[in-house]
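The values are calculated or read from the model by the stated rules, or taken from the named source; none is laboratory data. Not measured: the values here are computed from a predicted model. Here the Cβ positions follow ideal geometry from the backbone for every residue, glycine too, while neighbour counts run over all protein chains shown.
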Amino acid sequence: MEPVAVIGAGPFGLSTAAHLRARGIPVRVFGEPMVSWRANMPEGMLLKSTPAASNIDAPQPGHDLVDYCDAAGIPRLVTDEDIVPVETFVAYGEWFRQRLVPELERVRVVSVDRRADLRGFELKLDSGEVFTTRAVVVATGLSGLAHLPRELAVAAPDGPAPTGPVSHSSQLHDLSRFSGRELIVVGAGQSALETAALAAETGAQVRVVARGKRSVDFGAPPWQQPLLRPESPFGRAWSLWALTYYPHPYRHLPPAVRHFLVRRVLGPLGAWWLRDRFEGKVQVSEVARILRASGETAGRPALTVRTLGGRIEELSADHIVAATGYRVDLAAMDFLGHELRTRLAVSRGTPRLGAGFSSSVPGLYFTGLPAAASYGPVMRFVCGTEFASPRLVRHLAARYR
Ligand SMILES: Cc1cc2nc3c(=O)[nH]c(=O)nc-3n(C[C@H](O)[C@H](O)[C@H](O)COP(=O)(O)OP(=O)(O)OC[C@H]3O[C@@H](n4cnc5c(N)ncnc54)[C@H](O)[C@@H]3O)c2cc1C
């Protein structure tokens, strides 16, 4: 049997590959292990997810985060009050890979096209190799999907860059480069607030600009959450519990509801432990709207904003960071061949998935972030591997064994 191709070596790709191997299905896995966590998140970051919500799902026991802690001889990360450093999580992913996906190929998939006889796919690798397979799992996560809103993009005609006036938060790993400088961070999500706090801690003067009144807020610590609501990896709430443990019916909801929930559930909110590191150290400007950014006003980039009181103001700094998240858009997944993309059923730029994470092109599967519009917001997080991987692999095994 031709091996199944798994494109991606982040938590979702590694988990899917481990499940395929456990079923005896030959697999080739491509990508840089845990690269989003190593290169596209700030050094010193702490995970917002609790240890229990930071397990990469494996087909056999003994591969949770706490098992890695035991194997590495470091303090166990177990309770909701234990906070996971990104460096520990990267090392956990690498340990998981070595044990369960040892044959990972650190090459890029340049293109995926359907074979002329429509019996599977042809993949080109950046090593120059071309090979064919009956099934492909796309687990490319955040790669290439960083979102820069139009009003900020105008100030970065050559694209966002840490050396230009505007960057995207995914481009900033070492925040010490901003020490002694003034920084504006646009956004109110965990990424914005943690980037701001980390930059302030390295000696930058930081202002967060966020849209809406009381848009900058932090979650309640675990010991203050209402006990009568059910527990979920994201906190105690009926909605979070349902979306985490019962994502099955999600894809049958009306498209408008699905897309709204993916955007809004678990939306902008800082982690409980970030509040003390943020308040009093980072300035906040809550505005009605950001009208535009300009590359250089008196030598510095600036934001023109409408204040909550309706005035027009200009805020300038040495650099602007857009912590404006990621947006799934099949058009940006340029390794998928043109013909393949036109064949895919889509919903607002995202693949429309059926049972078992299968797309409308037989043999082509999506997991992780690109599956969130079909299976719900939990697919944006590592704990989504628990639902996704066994189901995807069961579906695939039944058809392509
Ligand atoms: C700042 C920040 C903080 C976050 N914190 C948390 C958190 O605390 N908890 C949590 O659960 N989630 C968190 N997330 C979300 C988290 O990043 C995702 O849940 C997770 O990374 C998704 O894993 P993935 O395997 O789908 O993709 P990724 O981890 O993004 O991995 C993508 C993989 O695809 C590979 N790839 C891409 N294109 C190709 C190609 N053409 N050929 C070959 N390989 C390719 C890459 O090399 C990489 O291996 C955070 C996200 C951000 C941005």
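Here are the numbers for the structure shown:
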{"read-out": "Test result for MET41, at positive phi, assigned by TED's automatic domain parsing to the domain that holds ASP334 and either out of contact with any Asp or Glu (no Cβ under 6 Å at 6 or more places or on another chain) or not hydroxyl-bearing (Ser, Thr, Tyr) (or both)", "value": "no"}
{"read-out": "The lone exception for TYR365 - which of (1) in contact (Cβ under 8 Å) with a residue 40 or more places away in the chain; (2) surrounded by fewer than 24 Cβ atoms within 10 Å (Cβ to Cβ); (3) over 27 Å from PRO42 (Cα atoms); (4) within 21 Å of the chain's Cα centre (by Cα) it fails", "value": "(2)"}
{"read-out": "Index of the failed condition, ASP67 passing every other in (1) among the acidic types (Asp, Glu); (2) within 15 Å of the ligand (Cβ to nearest atom); (3) surrounded by 14 or more Cβ atoms within 10 Å (Cβ to Cβ)", "value": "(2)"}
{"read-out": "Strands (runs of 3 or more DSSP E) contained in segment 135-240 and holding at least 2 residues closer than 20 Å to GLU286 by Cβ, modelled with pLDDT of 95 or more and not hydroxyl-bearing (Ser, Thr, Tyr)", "value": "182-186, 205-211"}
{"read-out": "Residues of segment 347-374 classified as more than 19 Å from ALA9 (Cα to Cα) and touching a Ser or Thr at 6+ places or on another chain (Cβ under 9 Å), total", "value": "9"}
{"read-out": "Flag for ARG21 being under 18 Å from PHE335 (Cβ atoms), more than 6 Å from the ligand (Cβ to nearest atom), touching a strand residue (DSSP E or B) at 6+ places or on another chain (Cβ under 8 Å) and basic (Lys, Arg)", "value": "no"}
{"read-out": "Filtered residues of segment 62-77 (kept if closer than 19 Å to MET45 by Cα, under 23 Å from the mean Cα position of the chain (by Cα) and part of a loop (DSSP other than H, G, I, E, B))", "value": "LEU77"}
{"read-out": "Where a residue in segment 319-330 is within 24 Å of ALA371 (Cα to Cα) and more than 13 Å from the ligand (Cβ to nearest atom) and its partner, wherever it lies, is of a type in the set (A, V, I, L, M, F, W, C) and part of a strand (DSSP E or B), with Cβ under 9 Å and at least six apart", "value": "LEU330/LEU336; LEU330/VAL346"}
{"read-out": "Residue in segment 374-384 that is more than 11 Å from the ligand (Cβ to nearest atom), touching a strand residue (DSSP E or B) at 6+ places or on another chain (Cβ under 6 Å) and not in a loop (DSSP other than H, G, I, E, B) present", "value": "no"}
{"read-out": "Test: residue in segment 150-167 that is within 16 Å of the ligand (Cβ to nearest atom), touching a helix residue (DSSP H, G or I) at 6+ places or on another chain (Cβ under 7 Å) and of a type in the set (Ser, Thr, Tyr)", "value": "no"}
